[in-house]
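Undergrad: Just passing along the structure, written as structure tokens.
The values are calculated or read from the model by the stated rules, or taken from the named source; none is laboratory data. Worth saying up front: this structure is predicted, and the values here are computed from it rather than measured. Backbone-built Cβ (ideal geometry, glycine too); neighbour counts: all protein chains shown.
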Amino acid sequence: MAVMTTELAHQERLTRERKRWGWERFAVHAVLLAFVALALGPILIVIVNSLKTTPAIFGGPFALPTAETFSLAGYERVFTRGNFLANYCNSLIVTVGSVVLTVAFSTLAAFALVEYRVRGVAVLAGLFIVGVMLPIRLGTIPLIKIMIALNLMDSLVALILVYTAMSVPLGVTLMMTYFRTIPGELKEAARVDGASEFRTFTIILPLVRPGLAAVATVTMLPIWNDLWFPLILAPSKANQTVTLGVQQFAGQFLNDYPALLAALTLGALPLVVLFTVFSRQFIRGLSAGYGK
């Protein structure tokens, strides 16, 4: 009898815990869905209204396009009057070039700072951390003077160099946390087998792939969205990036709301697609890097 009473009490306690946990999960999911709606709502409104005529935008900004209100005229004006294809190519060149250089330099520097115990390593690592905290825009005037001296003003190379310098400190800081988790026995075994330092580096490189993905994603987002340096270092029409092209297009077609919304959609679409594809690697790599 006592055993049955104990089992009933245990089952009742489990039932109460399941109900409480069920309500907690419901509350958490409700809050998360509210944040998702708050974040995605404005983006969806922009996309939906870019597919409508101007009267339909003012008549029902929250309504979906119908057969009468649907229109792609805004996108047609963007591609015929704007310079979006060239802007996309410029942004792609700058972003890919900066990400590749940042990942390469950050990985090599982080490996050296973690592996080699020489005098001054702690100071160098501290300088990279300071570089994360200092905004590079404070050095805009010296950067302009440097680019003029190197004859790189109004070029994509200037943007790639500046973005790489801007992103390397954070990349080194993240990659150092990953290299510290690699077992020393693995590296020592590679050296005992006669592997060179570069060969040892390539052997352990696959073990830090989440860090490489995190550095690439963290670097890509601010570069694609930046307006400051393209406006200063590469303002000509031939070298405009997507963000600068959208800003100037918006100034020229301020009253053409379908074209304006279409330009905003086209400017943000590649970044949204890339982040959606690599969001899992980004979150996993970034959280693991900061958690170590």
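Undergrad: Do we have residue 217 as surrounded by 14 or more Cβ atoms within 10 Å (Cβ to Cβ) and modelled with pLDDT of 85 or more here?
TA: No; evaluated as a whole, the condition is false for this residue.
Undergrad: So, one more: Is at least one residue of the range 64-75 buried (at least 16 other Cβ atoms within 10 Å of the Cβ), under 19 Å from residue 272 (Cα atoms) and among the hydroxyl-bearing types (Ser, Thr, Tyr)?
TA: yes
Undergrad: What number goes with the only condition from (1) outside the structural domain of residue 249 (by TED's automatic domain parsing); (2) modelled with pLDDT of 85 or more; (3) within 26 Å of residue 219 (Cα to Cα); (4) among the small types (Gly, Ala, Ser) that residue 91 does not pass?
TA: Condition (1) is where residue 91 drops out.
Undergrad: Do any residues in the range 206-229 that are over 15 Å from residue 101 (Cα atoms) have Cβ atoms under 6 Å from those of residues that are in a loop (DSSP other than H, G, I, E, B), where the two are at least six apart or on different chains, and which pairs are they?
TA: Short answer, once both residue conditions are applied: 207/182.
Undergrad: Suppose the filter is surrounded by 19 or more Cβ atoms within 10 Å (Cβ to Cβ) and closer than 26 Å to residue 241 by Cβ; does residue 102 pass it?
TA: So residue 102 passes the test.
Undergrad: Could you tell me whether residue 177 is modelled with pLDDT of 85 or more, surrounded by 19 or more Cβ atoms within 10 Å (Cβ to Cβ) and assigned to a helix (DSSP H, G or I)?
TA: Considered against the rule, which asks whether it is modelled with pLDDT of 85 or more, surrounded by 19 or more Cβ atoms within 10 Å (Cβ to Cβ) and assigned to a helix (DSSP H, G or I), residue 177 comes out as no.
The rows are residues; the columns are (1) closer than 29 Å to residue 248 by Cα; (2) modelled with pLDDT of 80 or more; (3) not assigned by TED's automatic domain parsing to the domain that holds residue 205.
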{"site": "57", "(1), (2), (3)": "yes, yes, yes"}
{"site": "81", "(1), (2), (3)": "yes, no, no"}
{"site": "95", "(1), (2), (3)": "yes, yes, no"}
{"site": "116", "(1), (2), (3)": "no, yes, no"}
{"site": "121", "(1), (2), (3)": "no, no, no"}
{"site": "126", "(1), (2), (3)": "no, yes, no"}
{"site": "133", "(1), (2), (3)": "no, yes, no"}
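Undergrad: Within the range 154-169, restricting attention to residues that are buried (at least 17 other Cβ atoms within 10 Å of the Cβ), in contact (Cβ under 8 Å) with a residue 60 or more places away in the chain and not polar (S, T, N, Q), which residue is farthest from residue 111 (Cα to Cα)?
TA: 156
Undergrad: Considering each residue of the range 37-52, count those that are modelled with pLDDT under 80 and of a type in the set (Val, Ile, Thr), and give that number.
TA: Qualifying residue count, the range 37-52: 0.
Undergrad: If only one of 107, 140 is surrounded by fewer than 17 Cβ atoms within 10 Å (Cβ to Cβ), polar (S, T, N, Q) and on the phi < 0 side of the Ramachandran plot, which one is it?
TA: So the residue among 107, 140 that is surrounded by fewer than 17 Cβ atoms within 10 Å (Cβ to Cβ), polar (S, T, N, Q) and on the phi < 0 side of the Ramachandran plot is 140.
Undergrad: Step by step: first the residues of the range 247-268, then only those that are assigned to a helix (DSSP H, G or I), among the hydrophobic types (A, V, I, L, M, F, W, C) and modelled with pLDDT under 80, then the one that is surrounded by the most Cβ atoms within 10 Å (Cβ to Cβ). Which residue is that?
TA: That would be 249.
Undergrad: Now for a different question. If I ask for residues that are among the polar types (S, T, N, Q) and either assigned to a loop (DSSP other than H, G, I, E, B) or not assigned by TED's automatic domain parsing to the domain that holds residue 170 (or both), which ones from the range 221-238 would you list?
TA: Selection gives 236 alone.
Undergrad: Related question: Of the residues that make up the range 154-172, is at least one over 24 Å from the mean Cα position of the chain (by Cα) and either in the same structural domain as residue 227 (by TED's automatic domain parsing) or of a type in the set (A, V, I, L, M, F, W, C) (or both)?
TA: yes
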